[in-house]
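Only one structure is covered here, and it is reproduced in the block below.
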């Protein structure tokens, strides 16, 4: 069965509506709402690239929430595309988020670096 992810409908709705449509515990929904307060300014100047990053972040959260990951993992998944495209720096994550979220984001960056090295050696 194929389903359309809610992130693909973001042009028609706000972040809050998207979050409400996800089936999340209060802890997870509150963590993502708090995250949005921190990073929403990154999306104020809409561009195609930023819209794609927002879509990617939301899509990752949707996929991982279906796997019942914890709130920190969902927050890290949302942040990772921003880090990957230098919209925010790892220092920002260190300053504004928990140590666990920082470690998850650093782990994602390390995995991306390993993937890049493997592709170069192939």
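The values are calculated or read from the model by the stated rules, or taken from the named source; none is laboratory data. Not measured: the values here are computed from a predicted model. Using ideal geometry, Cβ is built from the backbone for each residue, glycine included, and neighbour counts are taken over all protein chains shown.
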Item to complete: Go through region 66-77 and give me each residue that's modelled with pLDDT under 95 and part of a helix (DSSP H, G or I).
Response: 66
Discussion item. Among the numbered criteria (1) under 23 Å from residue 21 (Cα atoms); (2) under 10 Å from the mean Cα position of the chain (by Cα); (3) modelled with pLDDT of 90 or more, which one does residue 83 miss?
Written reply: (1)
Worksheet item: Looking at 102, 64, which one is closer than 21 Å to residue 21 by Cβ and within 14 Å of the chain's Cα centre (by Cα)?
Response: 64
Discussion item. Take residue 82 and tell me if it is out of contact with any strand residue (DSSP E or B) (no Cβ under 7 Å at 6 or more places or on another chain), part of a helix (DSSP H, G or I) and either free of Cβ contacts under 8 Å to residues at least 12 places away in the same chain or within 14 Å of residue 54 (Cα to Cα) (or both).
Written reply: yes
